[in-house]
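Reading through the structure tokens given below for one structure.
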Ligand SMILES: NC(=O)c1ccc[n+]([C@@H]2O[C@H](COP(=O)([O-])OP(=O)(O)OC[C@H]3O[C@@H](n4cnc5c(N)ncnc54)[C@H](OP(=O)(O)O)[C@@H]3O)[C@@H](O)[C@H]2O)c1
């Protein structure tokens, strides 16, 4: 079985990006001396599953920096060719989350980092997210792309840990209650 894991930053009012996808409010908090636990988080992940929105934004931010294979979920890109520079690093799939996770499990992928607001919401709805690390940035954006969305039932979490950084970012880790 493959499990899905979330590591994401949100504004105080629950947005992961502005309406146009802008994340400058987040990037300006980048600190060369503080990775906010990302290295520890990614260390035991085998693969990253990313929504098309996140993939397209990452393409605009300069060289590809991911050191894990990336599977981009997208109906639009499913049959497209992967750009030459990303061949061997990125694949496209038009499959649904549960089918993706089953396929990955058959390929011996065990721990998957899921990234992108709509994609995380979709994995949550399907009950596929084992744990989440949510970093809250002390800014109100007023509008934007939501981290969380509508659900047909409550999903309960156990708080594993919570910490704050001198910058004011607050990070909490949660595991889904089975
Ligand atoms: N704050 C943070 O930490 C953080 C983290 C990640 C991303 N971001 C930002 O958030 C923005 C992207 O997030 P987003 O929520 O707009 O998009 P997203 O979740 O990255 O991508 C959504 C797209 O993925 C495709 N998709 C495939 N399977 C899906 C499924 N099961 N459920 C939902 N979508 C599926 C759809 O494209 P098709 O129509 O092609 O199928 C959909 O339009 C970017 O600006 C990115 O920079 C911020």
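Some notes on this structure:
- Region 36-56 residues that are in contact (Cβ under 8 Å) with a residue 12 or more places away in the chain, paired with ones that are part of a helix (DSSP H, G or I) (beta carbon under 6 Å, 6 or more apart): 51/118; 51/119
- Of all residues in region 3-25, exactly one satisfies the criterion of being free of Cβ contacts under 8 Å to residues at least 60 places away in the same chain and not in a loop (DSSP other than H, G, I, E, B), namely 24.
- Selection count, region 154-168, where residues are part of a strand (DSSP E or B) and over 19 Å from residue 31 (Cβ atoms): 6
Listed here are the residues, each with its yes/no results for (1) exposed (fewer than 11 other Cβ atoms within 10 Å of the Cβ); (2) under 20 Å from residue 111 (Cα atoms).
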position	(1), (2)
28	yes, no
31	no, no
35	no, no
45	no, yes
48	no, yes
58	no, no
64	no, no
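- Any hit, region 12-21, residues being closer than 25 Å to residue 169 by Cβ, exposed (fewer than 15 other Cβ atoms within 10 Å of the Cβ) and within 16 Å of the chain's Cα centre (by Cα): yes
- Checking each residue in region 69-84 for being away from the ligand (no atom under 15 Å from the Cβ) and closer than 16 Å to residue 104 by Cβ picks out only 69.
- Within region 96-106, if we keep just the residues that are surrounded by 15 or more Cβ atoms within 10 Å (Cβ to Cβ) and near the ligand (Cβ under 10 Å from one of its atoms), the residue that is farthest from residue 46 (Cα to Cα) turns out to be 97.
Taken together, the values in this text are just the output of simple stated rules run on the coordinates, not laboratory data. As the structure is a computational prediction, the values presented were derived from the model and not from experiment. Note that we place each Cβ from the backbone using ideal geometry, even for glycine, and neighbour counts take in every protein chain shown.
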